[in-house]
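All remarks here apply to the structure that follows.
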Amino acid sequence: MESLLTAQLKLIPEMSELLQKRYRILQTIQLTKGIGRRVLGEQLGLSERDTRKELDTLRNQGLIDISRDGGAITPKGTQLLIDLKEVVRVWSGRLQLEQQLEKHLHIKEVIIVPGNVDTNTNTAMLLSQEAAKYLESILTDEKIVAVTGGSTIASITNFVQETTKWKQLLFIAARGGVGKDVSFQANTIASLFAGKMNGTYRTLYMPDSLSEEAYTTMKKEPFIQEMMDLYERTNIVIHGIGDAEEMARRRNTNEQEIERLKEAGSVSEAFGYYFNEQGEAVHRIRTIGIQLKQLQHIEHLLAVAGGAKKAKALLSYFKQAPKQTVLVTDEGAANEMMKIITETN
């Protein structure tokens, strides 16, 4: 299949660009539901004339409907997106990029979506959509799924299919709260997943950072002991990866501590640990939640993060990430990571 596509591309090179353009238009209409022509063109960098021409073509093929409310994908268009997904993945070069990153990061799988979340909000939705699909592909009954906080992880709940088929799914908060926005905290996200997927959930209403005395005391509490036992039995973890300084500021860390993190070479943050460029943990906040050593024996680790600005943080974290990790990212981050890898080798 791949060799045939490569041969076709050599014979008709312009076919790849046109296919990818129309695929992105269909994909954007599916994600945004009712997007107008002008906004669509702006998001995809197309002229108004080109946008109108392509929309007319897709409508004539029965792939979209156009009304006063904007464009909407048809069932035929939805099926075409599914049918062409692997073709577009090959022709766009994303398949090769995924394989290169899997090799360099030494992890199970890399899934790359088109775009860059730094410049296109639709790309964030694509990240969440792919993460939701992967989660659904590995789920079975009697699973314990731990989720961290953040807008990216919260967005995944919008794309999981509402179902009643699961009978014993348990979603748990992987840590206490971070920041002031409750909607992006792990407790809220765990409850959203459970609501969509017929599961139950357990929350952890604790500050993300504790004093040494409070940490020692809280670890002895029965409900904390129960949560720690659940972490030991967790099957799936869904988490983000943050830029070290950005995460520190989100925690309202004082400037003196931020400077210490910089001096220590902190680049990335995950699970309350700050890592330098070599992937070494240079600082850890005292928090009740999943600990780094527990990740090693968890069956499925799903990391979701994108944007070219986050490339250094991703490379930092994956210097020590467990091998069973699957990364869902975007072209912006993937291309920037490969650029850094090439320059440093």
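Provide the gained length on full extension for the span Ile12 to Thr217, in nm with one decimal, where the gain is 0.36 nm per separating residue minus the Cα-Cα distance. Don't skip to the answer; put the middle values down first.
Working: separation 205, 0.36 × 205 = 73.80 nm, distance 6.81 nm.
Difference between extended and current length: 67.0 nm.
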What fraction of the DSSP beta bridges in the chain is antiparallel, stated in percent and rounded to the nearest 5? 35
Quick one: accessible area per residue over the chain, 1.4 Å probe, rounded to a whole number of Å²? 50
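Given N residues in the range 2-108, what is Rg(Cα) / (2.2 N^0.38 Å)? All intermediate terms of the calculation are to be shown ahead of the outcome.
Values: Rg = 15.7 Å, N = 107, 2.2 N^0.38 = 13.0 Å.
Cα Rg divided by the expected 2.2 N^0.38 Å: 1.21.
Starting from the range 193-273, pick out the trypsin sites (Lys or Arg not before Pro) whose DSSP state is loop and whose Cβ has at most 13 other Cβ atoms within 10 Å. Don't jump to the answer; show the numbers that get you there.
Working: sites: Lys196, Arg202, Lys219, Lys220, Arg233, Arg249, Arg250, Arg251, Arg260, Lys262; in loops: Lys219, Lys220, Arg233, Arg251.
Sites meeting the loop and neighbour criteria: Lys219, Lys220, Arg233.
For the chain, what does -39500 (n - 2.57) per DSSP helix run (n ≥ 4), summed and divided by total residues, give at 222 nm, in deg cm²/dmol to the nearest 500?
On the way: 15 runs with 170 residues, N = 345.
Estimated from H runs of four or more residues: -15000 deg cm²/dmol.
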With +1 on each Lys and Arg Cβ and -1 on each Asp and Glu Cβ, and nothing else charged, work out how big the dipole of the chain is about its Cα centre, in Debye to the nearest 20. 620
List the lysines whose alpha-carbon lies under 20 Å from that of Lys53, not counting same-chain residues fewer than 8 positions away? Lys21, Lys33, Lys76
Cα convex hull volume per residue for the range 157-302 (Å³): 119
Whole-percent carbon and sulfur contribution to the accessible surface of the chain (1.4 Å, no ligands, DNA or RNA) stands at 50
Could you sort the peptides 185-194, 90-99, 126-135, 315-324 by per-residue average Cβ neighbour count (10 Å cutoff), highest mean leading? 185-194, 126-135, 315-324, 90-99
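Using the Cα atoms of the range 221-345 to build a convex hull, what is its mean projected area in square nanometres? Walk me through the numbers before you get to the answer.
Numbers: hull surface 33.3 nm².
For the Cα atoms of the range 221-345, the hull's average projected area reads 8.3 nm².
With contacts defined as alpha carbon pairs under 8 Å and 6 or more residues apart, what's the relative contact order of the chain in percent?
Values: 617 pairs, mean separation 58.8, N = 345.
Once divided by the residue count of the chain, the mean separation gives 17 percent.
Over every pair of different alpha-carbon atoms in the chain, take the mean of 1/r and invert it; report that Kirkwood radius in Å.
Details: mean 1/r = 0.0463 Å⁻¹.
With all distinct Cα pairs of the chain included, I get 21.6 Å.
How high is the relative contact order of the range 1-157, in percent, counting Cα pairs under 8 Å that sit 6 or more residues apart? Mind showing how you got there, number by number?
Working: 123 pairs, mean separation 29.7, N = 157.
About 19 percent, as a whole number.
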What lysines sit close enough to Lys108 to cross-link, taking a C-alpha to C-alpha distance under 17 Å and skipping anything fewer than 8 places away on the same chain? Lys133, Lys319, Lys323
Just need the relative contact order of the range 224-345 here, percent rounded to a whole number, with Cα pairs under 8 Å and 6+ apart. 27
Tabulate in residue order the Karplus-calculated ³J(HN,Hα) for the range 303-310, using 6.51 cos²θ - 1.76 cosθ + 1.60 with θ = phi - 60°, rounded to whole Hz; enter x for Gly and Pro. 9, 10, 6, x, x, 4, 5, 9
Rh_Kirkwood(the range 94-175) over Cα pairs, Å, one decimal, evaluates to 14.5
Counting other Cβ atoms within 10 Å, which trypsin sites (Lys or Arg not before Pro) in the range 21-62 have at most 14 and lie in a DSSP loop? Lys33
Using a basic spin-label model with each label point 7 Å from the Cα along Cα→Cβ, how many nm lie between Ser151 and Val182? 2.0
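The values are calculated or read from the model by the stated rules, or taken from the named source; none is laboratory data. Not measured: the values here are computed from a predicted model. Neighbour counts run over all protein chains shown; Cβ positions are idealised from the backbone, glycine included. Ligands, DNA and RNA are excluded from the accessible area calculation, which covers all protein heavy atoms including side chains. Shrake-Rupley method; radii C 1.70, N 1.55, O 1.52, S 1.80 Å.
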